[in-house]
1. Counting alpha carbon pairs within less than 8 Å and at least 6 residues apart, what relative contact order, in whole percent, applies to region 262-357?
2. Between GLN284 and GLU64, what length comes free when the chain is fully extended (0.36 nm per residue of separation minus the Cα-Cα distance, one decimal in nm)?
3. Over region 116-253, what is the relative contact order in percent, taking alpha-carbon pairs closer than 8 angstrom and at least six residues apart?
4. Test of understanding: what is the full-extension gain from ASP48 to ASP271, defined as 0.36 nm times their sequence separation minus their Cα-Cα distance?
5. Would you mind calculating the gained length between ARG309 and SER291 on full extension (0.36 nm times residue separation, minus the Cα-Cα distance), in nm to one decimal?
6. Going highest first, how would you order 230-237, 143-150 by mean Cβ packing within 10 Å?
7. At GLU254 and ALA224, where each label point lies 7 Å from the Cα along Cα→Cβ, what is the point-to-point distance in nanometres?
8. Could you work out how far apart the two model spin labels at ASN356 and ARG212 are, taking each label as a point 7 Å from the Cα in the direction of the beta carbon, and quote it in nm?
Amino acid sequence: MSSTVPRDPYEVLGVTRDADESTIKKAFRKLARELHPDVNSHDPQAEDKFKEAAEAYEILNDAERRATYDRHGHDGLRSGGMGPNFDGFGSISDLFDAFFGGQGSARGGPAQGDDVGIQVDITLVQAAAGARVPLSFEAIEPCGKCHGNGAEPGTPIVTCERCGGAGRLQGVSRTPFGQVVRTVACDVCGGDGRIAQTPCEQCDGRGREVRRRSLDVDIPAGIADGQRIRLSGRGHAGEAGGAPGDLYVLVHVEPDERFLRDGDDLITVLDVAAPVAALGATLQAPTIDGSTDVEIPAGTQPGETITLRGLGMPGLRRAGRSGNLRVVVNVVVPRRLSKDQRRMLDDFAKTVTPENLRSDEGMVSKLKRLFHQ
């Protein structure tokens, strides 16, 4: 990369300073494939990143260069005339081919279409019951006019004169490791071996065009936030008759102020006045589709949890089984008392004995419960 201070080649390849030749080669190949221009067409710095990795590999793969770098760093390489030289490469594809002996970005033949990703927002109620949600997105599809062949209807498709119909050309590149003979896609027909004599006006001869697509997706009951739904063959159209890619629907479940979700369980908080918690009562607690009765036993303490079986989220992978609803009791001490209330509570407080406050919990258990709350 064009930087004032080159990075440490060991850092660039992600290897230790005692890495052997095999480890260095493996690390470079992995990194180079991640930086291939076909994978990183969206990144304007992809070529610079690849060249940086190639320079690091050239240093560490050569015993003499590596020893010089270990002793004197990049300054030692430059003063000894061992600096990297990639002037013989015409492009990032040439670089990639030189190191891997591959086909670079040659297209030739059917190529599967790319995948499409789209996010859909649903409520917790929809996640619990399942829903059918309409989607609208843009995708590459075969041209509606030329049906994907790239030619204006009624005009011929002829053999490419440059490659003679082979779709590929051979060339020789000079690399730091010598001359490399490589095969690349024909720059005229793009590897197809044929070209449209009169390119389709609607798609400019590409055979594909971007169109807005609408469809409904079924959201299964029990789905969680961040999970994906894969729809095979609903992505971008392939090239030269290749299969289409897939559509991935990322599900975002909007927060519901009534509940927290823990797996298939739902957790809610029920405010209970201190006198009611002492006496016990039947109260209403919210559920995902309404409300239900909850028995508050006499003497219920702050933070106690009452579990209602089967009232949580339906199991996504456990048909017929649902999680639980966990009702956490929040004992509320009344505030802003009237004179009558204060008088009655004062009379009650005088009747409270140590026996009323006795608990079977030990000190450690009490502290754990309080800190957990």
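1. 32
2. Extending this stretch completely gives an extra 71.3 nm.
3. Once divided by the residue count of region 116-253, the mean separation gives 38 percent.
4. 74.2 nm
5. 5.1 nm
6. In decreasing order of mean packing, 230-237, 143-150 become 143-150, 230-237.
7. 2.2
8. 6.9
Throughout, read-outs are computed from the coordinates displayed, never taken from laboratory work. This is a predicted model, so every value here is computed, not measured. Cβ coordinates were reconstructed from backbone atoms using ideal geometry, including for glycine residues, and neighbour counts include every protein chain displayed.
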